[in-house]
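The next block holds one structure in the form of structure tokens; read it before the comments.
The values are calculated or read from the model by the stated rules, or taken from the named source; none is laboratory data. Because the structure is a prediction, the values reported are computed rather than measured. Cβ atoms come from the backbone with ideal geometry, glycine included; neighbour counts cover every protein chain shown.
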Amino acid sequence: MGAAFDYDQAFSRNVGWLTADEQRMMQGKRVAIAGLGGVGGTHLLTLARLGVGGFSIADFDRFDVVNFNRQAGAMVSTLGQTKVEVLASMARDINPALELRSFPEGVAADNLDDFLHGVDLYVDGLDFFAFEARRATFAACHRLGIPAITAAPLGMGVAFLCFMPGRMSFEDYFDLAGCAEDEMAIRFLLGLSPTMLQRAYLADPSRVDLAAHKGPSTIAACQLCAGVCAAEAIKLLLGRGPLTVAPRGFQFDPYRNRYVRTWRPWGNRNPIQRLALAVARQQLAKMGASHGGA
């Protein structure tokens, strides 16, 4: 039998970068995470190790072998198990005192108010192609006055955006209303990553198929996303440090050893961004034609 769990002792090594009072504040915070796959599961475990005391977590999926390359809860022992149950167990193994609320049906319009009840911060972990669920969740955060952040794993790096109450909304930035799904995919990708740092080292373009909801991924990117969101969560939950808020964002790509600050006033309505979107459509069309003729 191990020693009884003690919160102060378990997270004492955070103190120094946090004050002792700030660490106790973290214990009283609640973070909502929708999607517990590549980034979401790692977000949960990382924030649990920071000492966040409460979570609302949502995912309807089960672990499969194709998740092994990047998802924190994906192991032979968890194949076929629900992501919510596996990640909740892993998080409680870090902090048995966690206050966890699970939503095994995922997020939808009819449960978002419950999912976000009492939440101090929303961290996006939804699948790239879950556009309607993502739009609804960010809209609910905007309506309820909850800060909402997303860190996208792109290539071997991360692109980050933060949406704050009373500031530019997710919908105003990405301009997805009325778009077909393939157009949403292009606008979401270019909105996250206006400079597309990751494109320079894509080794096999045939593995990118937006229409089929498929694309390559790396654990390097997912873990970077969790580190970035953890640092931003500290600032948001404790009210300290400078914030980068949409329409400003940033992308860091360690493979290229580059960090870029992005600024797109009016989001995807920005004239420069509209030109980039047009170019991206042409490039993806050429890729699709090439793959079709292979």
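Can you tell me which condition Met184 does not meet? The list is (1) surrounded by 19 or more Cβ atoms within 10 Å (Cβ to Cβ); (2) in a helix (DSSP H, G or I); (3) touching a residue at least 60 places away in the same chain (Cβ under 8 Å), and all the others hold. Every listed condition holds for Met184 apart from (3).
Residues are listed down the side, and each one gets a yes or a no for (1) out of contact with any Gly (no Cβ under 8 Å at 6 or more places or on another chain); (2) in a loop (DSSP other than H, G, I, E, B); (3) under 28 Å from Ala211 (Cβ atoms):
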position: Ala97; (1), (2), (3): no, yes, no
position: Val107; (1), (2), (3): yes, yes, yes
position: Asp113; (1), (2), (3): yes, no, no
position: Leu126; (1), (2), (3): no, yes, yes
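Only a single criterion out of (1) hydrophobic (A, V, I, L, M, F, W, C); (2) free of Cβ contacts under 8 Å to residues at least 40 places away in the same chain; (3) closer than 15 Å to Gln273 by Cβ is not satisfied by Phe174, namely (2). For segment 135-173, a residue qualifies if it is in a helix (DSSP H, G or I) and over 17 Å from Asp113 (Cβ atoms), and the qualifying residues are Phe170, Glu171, Asp172, Tyr173. Filtered by the rule that a residue be among the hydrophobic types (A, V, I, L, M, F, W, C) and touching a residue at least 60 places away in the same chain (Cβ under 8 Å), segment 46-71 gives Leu47, Leu50, Val52.
The sole residue among Gly155, Gly80 that is on the phi > 0 side of the Ramachandran plot and surrounded by fewer than 18 Cβ atoms within 10 Å (Cβ to Cβ) is Gly80. The condition of being closer than 30 Å to Ala139 by Cβ and over 20 Å from the mean Cα position of the chain (by Cα) holds for Asp110.
For Ala88, are the conditions met, namely being assigned to a helix (DSSP H, G or I), surrounded by fewer than 22 Cβ atoms within 10 Å (Cβ to Cβ) and in contact with a strand residue (DSSP E or B) (Cβ under 6 Å, 6 or more places away or on another chain)?
In short, yes.
Of all residues in segment 201-220, those being modelled with pLDDT under 95 and assigned to a helix (DSSP H, G or I) number 3. Quick check: anything in segment 247-260 free of Cβ contacts under 8 Å to residues at least 60 places away in the same chain, part of a loop (DSSP other than H, G, I, E, B), crowded, with 16+ Cβ neighbours inside 10 Å and out of contact with any Phe, Trp or Tyr (no Cβ under 7 Å at 6 or more places or on another chain)? Checked segment 247-260: no residue is free of Cβ contacts under 8 Å to residues at least 60 places away in the same chain, part of a loop (DSSP other than H, G, I, E, B), crowded, with 16+ Cβ neighbours inside 10 Å and out of contact with any Phe, Trp or Tyr (no Cβ under 7 Å at 6 or more places or on another chain). Among the candidates Ala148, Ala152, which residue alone is without any contact (Cβ under 8 Å) to a residue 60 or more places away in the chain, of a type outside the set (D, E, K, R) and in contact with a Phe, Trp or Tyr (Cβ under 9 Å, 6 or more places away or on another chain)? One residue alone meets the criteria, Ala148. Would a scan of segment 212-230 turn up a residue that is more than 22 Å from Asp127 (Cβ to Cβ), surrounded by 18 or more Cβ atoms within 10 Å (Cβ to Cβ) and touching a residue at least 60 places away in the same chain (Cβ under 8 Å)? Looking for residues that are more than 22 Å from Asp127 (Cβ to Cβ), surrounded by 18 or more Cβ atoms within 10 Å (Cβ to Cβ) and touching a residue at least 60 places away in the same chain (Cβ under 8 Å), one finds none in segment 212-230, hence no.
Every residue, every condition in (1) in contact with a Gly (Cβ under 9 Å, 6 or more places away or on another chain); (2) more than 13 Å from Arg264 (Cβ to Cβ); (3) of a type outside the set (Lys, Arg), yes or no:
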| position | (1), (2), (3) |
| --- | --- |
| Leu161 | yes, no, yes |
| Ala177 | no, yes, yes |
| Met184 | no, yes, yes |
| Leu190 | no, no, yes |
| Gln198 | yes, yes, yes |
| Ser206 | no, yes, yes |
| Ala211 | yes, yes, yes |
| Lys214 | no, yes, no |
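Screening segment 98-115 for residues that are modelled with pLDDT of 95 or more and in contact with a helix residue (DSSP H, G or I) (Cβ under 6 Å, 6 or more places away or on another chain) and picking the one that is surrounded by the fewest Cβ atoms within 10 Å (Cβ to Cβ) gives Pro104. All conditions in (1) more than 25 Å from Gln71 (Cα to Cα); (2) out of contact with any helix residue (DSSP H, G or I) (no Cβ under 9 Å at 6 or more places or on another chain) hold for Asp175, with the sole exception of (2).
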